Amino acid sequence: MKINYLTTILLIAAVVAVASGCLSAKTSDNKPVEITFSAASSLQDALTDAGAQFAKNHPEVKINFNFAASGVLEKQIEQGAPVDIFASASQKEIDLLEEKGLILKSTRTNFTTNKLVIIAPSRSTIEELKNLDKIAIGDPKTVPAGVYAQTFLENAGIYEMLKPKLIFAENVRQVLDYVERGEVNAGFVYFSDTLKSNMSVSPINESLYPPIVYPIAVINDSHQPEISRQFIDYLKSNEGQTILIKYGFG
């Protein structure tokens, strides 16, 4: 009995010591847990807001955002950039990362949608575009909005006609800047990008370009996969979707 009693005491002491060590590891450093979220430029306002709301319920978490063209971000991740979450404006970039085993496949999901529109000083029809001198679109090599715009123009049968007039931008926000500064006559952007602009917005035929769906996933080398999953779940929750809708998505 003495041996069993002593053994029990030692086991309890060991458990307490381990538990104390775990607690001290979590509380000895008051620095927040940081995650890096790389996302398409068009998501900047919505995700910044969503991140702030998420932080209110998770003050121990700090989200560092990195916004750029989806294709640029995909290449950064492919080259080893320390990223926890990636959200793209098209499926292509996530597909490429999945093929290379760089995302946690179980976390991949679609979380919002968007629409392509024409933005200009005044409402513009497709026919009127033919008479303009300069039209901005995102560079199709790296910017999904540019791919959608090119596809739309091709299906509308006017891409070759307008090609000499096209000005390629680094991302969709730059297209908006070009139009607002008067450097081009019109541009193709997402509807979500137009909410803060005084420019005129013209809808286009949605059947002439692929559905704009935003996928998101946790990166395979993430140092904080569980917290990253929690933020993705938050974006898909009613509260997260309400924020995205407020900024013109969905």
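The values are calculated or read from the model by the stated rules, or taken from the named source; none is laboratory data. This one's a predicted model, so the numbers in the text were calculated from it and none came from an experiment. Cβ placement follows ideal geometry from the backbone for every residue including glycine, while neighbour counts extend to all protein chains displayed. Just so you know, the surface numbers come from the protein's heavy atoms only, side chains and all, with ligands and any DNA or RNA stripped out. Shrake-Rupley method; radii C 1.70, N 1.55, O 1.52, S 1.80 Å.
The residues packed around Asn185, meaning those with a beta-carbon under 10 Å from its beta-carbon, carry a net charge of -1 if Lys and Arg are +1 and Asp and Glu are -1. Count charges around Val201 for me, please; just the other residues with Cβ under 12 Å from its Cβ, Lys/Arg as +1, Asp/Glu as -1. Residues close to Val201 contribute a combined charge of +2.
Put His223, His58 in order of accessible area, highest first, and with a 1.4 Å probe you get His223, His58. In whole Å, how far is the Cα centre of segment 37-72 from that of segment 87-139? First find each Cα centre; the distance between them is then 18 Å. Remark: C-alpha extents of the chain on the principal axes read 97, 35, 27 Å, sorted largest to smallest. A simple spin-label model places pseudo-atoms 7 Å from Cα toward Cβ; at Ser106 and Thr125 they are separated by 5.5 nm. Taking a straight Cα-Cα cut-off under 20 Å and skipping sequence neighbours fewer than 8 places away in the same chain, the lysines within cross-link reach of Lys130 are Lys163, Lys165. Rounded to whole numbers, the Karplus 3J(HN,Hα) couplings from phi for segment 47-64 are 6, 4, 5, 4, x, 5, 5, 4, 5, 5, 8, 9, x, 7, 10, 10, 9, 9 Hz, using 6.51 cos²θ - 1.76 cosθ + 1.60 with θ = phi - 60°, and x at Gly and Pro. Output the relative contact order of segment 133-250, whole-number percent, from Cα pairs under 8 angstrom with separation of 6+ residues. Rounded, it is 26 percent for segment 133-250. Along the charge dipole of the chain, which of Asn110, Ile137, Asn171 sits closest to the positive end, that is, farthest toward it, with unit charges on the beta carbon of Lys, Arg, Asp and Glu (+1, +1, -1, -1)? It is Asn110.
When a 1.4 Å probe is rolled over the protein heavy atoms, the share of accessible surface on segment 98-250 that falls to carbon and sulfur comes to 48 percent. Charged side chains reduced to their Cβ positions (Lys and Arg at +1, Asp and Glu at -1) give the chain a dipole of some 480 debye around its Cα centre. Calculated accessible area for segment 41-154 comes out at 44 Å² per residue, all protein chains present (probe 1.4 Å; ligands, DNA, RNA ignored). Largest accessible area first, the residues Lys165, Lys141 order themselves as Lys141, Lys165 under a 1.4 Å probe with ligands, DNA and RNA left out. Please report the relative contact order for the chain, taking Cα pairs under 8 Å with a sequence separation of at least 6, and give it as a percent rounded to a whole number. RCO, the chain: 27 percent. How much accessible surface does Phe191 have with a 1.4 Å probe, in Å² rounded to 10? Approximately 80 Å² for this residue. Sequence-ordered 3J(HN,Hα) estimates for segment 231-237 from the Karplus curve with 6.51, -1.76 and 1.60 and θ = phi - 60° stand at 5, 4, 4, 5, 4, 8, 6 Hz, glycine and proline given as x. What residue among Ile126, Ile63, Ile232 shows peak mean-square fluctuation when the chain is described by a Gaussian network model with Cα springs under 10 Å? Residue with maximal mean-square fluctuation among Ile126, Ile63, Ile232: Ile126. If you run the Gaussian network model on the chain, springs between alpha carbon atoms under 10 Å, then out of Gly138, Gly51, Gly182 the most flexible one is Gly182. The distance between label points at Asn205 and Lys31 comes to 5.6 nm (points 7 Å beyond Cα on the Cα→Cβ vector).
For Asn114, the residues whose modelled amide H falls within less than 5 Å of its own, excluding neighbours fewer than 5 places apart on the same chain, are Ile212, Gly250.
Spin-label model, Glu99 to Arg181: label points 7 Å out along the Cα-to-beta-carbon direction sit 3.5 nm apart.
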